[in-house]
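Before any comments, here is the structure.
Rule-based calculations on the coordinates, nothing more; no lab input. Predicted model, so just to flag it, every value in this text is computed and none were measured. So basically every Cβ, Gly included, is an ideal-geometry build from the backbone, and we count neighbours across all protein chains shown.
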Amino acid sequence: MKLRNLLGGIALAALMAAPVSAQTLRYATIGEPPSLDIQMGTATLASTIAQHMFESLYAFDEANAPQPYLATGETISDDGKTITITLREGVMFHNGDALDAEDVAASLNRWAEFGARGKLLGLVSAEATGDLEVKLTLEAANGAWKSILAYINGGPVIYPAEIVSAAAGEPIAAENFVGTGPYKFGELRPNRYVELLRFDEFTPNPDPSSGSSGERVANFEKLQFVPVPDVGTRVSGVQAGDYDYAEFISGDLYGLVRDDPATQVKISDAPIFGLMFMNSETGPLATNTKLRQAIMTALNMEQALQVSVGEPELFEASGSYFPEGNIWHTTAGTEAYNQGDPEKAKTLAAEAGYDGKPIKLLVSTNYKAHFDDASVFTRQLADAGINVQLVVVDWATLLQLRGQSAEWDMFMTHHGSVPDPVLLTVLNDSYPGWWKSDEKHELMAKFTGTSDLEARQAAWAELQALIYEQLPVVKVGNILSYDIASPDLKMQFGKAPVFPYFWGASK
C-alpha cells in the first residue's frame, strides 16, 4: 500500500470519527499492523494488539520474572533437557473448545519450526503426555527457557491444534485468530481499524494481577486499533477526545503534551533503543566487517538523538544493551560506540575497499525517530565518504522488505526492554540481518547452557563485545519512549510493560 493512499484513508476516517463510547477503547497506532499471527513476526504493533487475543504458558510479572499463566507448574529433569508442564483446567478458546495438552504441543511444535523466535529454545519436540500435561524435549539445557516461553513477541502463544497444524509455516488467516485471551477477533477494516470484542467466556488466571501475569479483566466491550501515521494527528485526536490512547509520540512534542490537561503521559519505565541492522547475508556489508566498522566509526549518536528525540531527559547516548542497575548491564565492547570520527572512518572504508557505490538504508516515516536517525546518519556517513541511499517506505512495507535480503543493506528499527538477553532480536539467527558466525554460536551455547547467573552474565558480556566486533547491528542509544492517553482512561501506567495492554483498564 502506498503511503499517500494510507494517509488519505486515515484523513477520511478522522473526519468521520464519532464520539468515543465508554464501552469502546480507541487506540491510535503508528500505522497498519502486519499479520496478527504473532508466532511468526516480531512487529511491536502486532504484539500490542494480538496479546489481548492470544496467551502463553508463562507471563512476566512487575519484576519481569516469568510466572505460570496457562501453565500451573513444571518439573525439570536432572540434565535440564526434559521439562514437563501442567496446564490450567477449564481454559476456553474463543471457538468454545477447551484448551488441552494437544493444543499446547501443536502450537509449540509449529512455533519451534517456523516461528520468529522458535529456534531460541532448542525444542526437539513437544508431546501431550496427559489431557493437561505436556512434555518438552530440548536439544540442550536452556537457562532462559521460561523467559522464552513467556515472551509473546514472536513467541509461543497457544492456538487450537487444528489451526496451527493446518497453517504450518504460513501465516494464520484472520478468520482463524482463535486464542484464549480476554478479547476475541472482531473484524479488520483496512485503513480504518482492527476491532477486538470482549470474550464473555474468558477463563482468568486466579492469581493476583502483576504486570502481564495473574488475573486479566476485560472492562471494555470493544478495543479498536486505528492506524494514524501522522504523530501530530495522533496527539490532536487524543486532545479532541477522538482517541483514548496514542502510541509512540515524538520527543519534540513532549513539552506540549506534558503540560496539557487534555492528555496524560505514559513514560516507559525501561528504555527502548534504536537499532540499525546490517545485512549479514547479501550485499556490500555481508562479509566486509571493516566497512561495517567504518560506518560505526563515523556515527555520532549524540547528534542523532538530539534530532530524533530532542528532550535531554528522554535520551541517553549509551552503547550498553542493558541500562545501569540492570543485572545484565555491561560496558564490554562499547569503546567502539559513538566515535563520530569521519576521518578515521574514511581510512577504514578505504582499507575495506569501498568503491563509493550506494549503500541502501531502509527506513519508515511512521516512526519519526527512525527517519530522523537515518537522516542524520546519512549526512554523517557522507562526511566520511560513504554514500547512503535512503529507501523510504511505510512501516508495513518495511516489515515485508526487510525479509528480502536483496532489498536493503541496512534498516532502521527499535527494540524494547527485555528481561533476558536471549530475547534480543540480533541473537536470533533467523531475524532479518541473519547474523550467524561460529563465534556467536559458541558463545550462545555458553550463555544458554547453564542457569548459573554469574556464568550467564559473563557469557553475555562476551556476546556484547562480539556484537561490537562483528557489527551485525548498530545501537543508536536509549530512549525513554512515551505514549499519551485521555485524562479519563484508567490503566496501569507504573511498571509499564513493553506492549501496553488494556485488560484491567476502564474509563
Quiz item: Which length gain, in nm to one decimal place, applies between Q23 and A336 when the Cα-Cα distance is subtracted from 0.36 nm times their residue separation?
Solution: 107.5 nm
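Ranked from highest to lowest mean number of other Cβ atoms within 10 Å per residue, what is the order of the peptides 48-54, 270-276, 354-360? Intermediate values should be presented prior to the final figure.
Values: 48-54: 24.7, 270-276: 21.3, 354-360: 14.7.
Top to bottom by mean Cβ count within 10 Å: 48-54, 270-276, 354-360.
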Practice problem: Starting from the Cα of K507, draw a straight line to each of the lysines and keep only those under 18 Å, dropping any in the same chain fewer than 8 residues away. | Solution: K222, K266, K490
Quiz item: DSSP loop GluC sites (Glu not before Pro) in the range 444-491 with at most 12 other Cβ atoms within 10 Å of their Cβ, which ones?
Solution: none
Quiz prompt | Per-peptide average of other Cβ atoms within 10 Å, ordering 391-398, 172-179, 103-110 highest first | solution = 103-110, 391-398, 172-179
Self-check item: Overall Cα dimensions of the range 142-232, principal axis frame, Å, largest first
Solution: 43, 35, 32
Quiz prompt | Dipole in debye (nearest 20) - the chain, about Cα centre, beta carbon charges: Lys, Arg +1; Asp, Glu -1 | solution = 1160
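Hey, what's the Kirkwood Rh for the range 39-114 if you take every pair of different alpha carbons, in angstrom? Show your work: numbers first, answer last.
Numbers: mean 1/r = 0.0702 Å⁻¹.
Its Kirkwood hydrodynamic radius stands at 14.2 Å.
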Exercise. Evaluate the distance, in nm, between pseudo-label points positioned 7 Å from the Cα of E102 and of E187 along their respective Cα→Cβ axes.
Key: 3.4
Quiz prompt | Cα-centred dipole magnitude for the range 58-161, charges only on beta-carbon of K, R (+1) and D, E (-1), debye, nearest 20 | solution = 400
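FRET efficiency for T129 and D207, Cβ-Cβ distance as r, R0 = 35 Å, nearest 0.05?
0.90
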Self-check item: Inter-site label distance for E302 and K490 at 7 Å from Cα along Cβ, in nm
Solution: 4.6
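Per-residue ellipticity at 222 nm for the chain, helices alone: DSSP H runs ≥ 4 residues times -39500 (n - 2.57), over residue total, nearest 500 deg cm²/dmol?
The per-residue figure over the chain is -8500 deg cm²/dmol.
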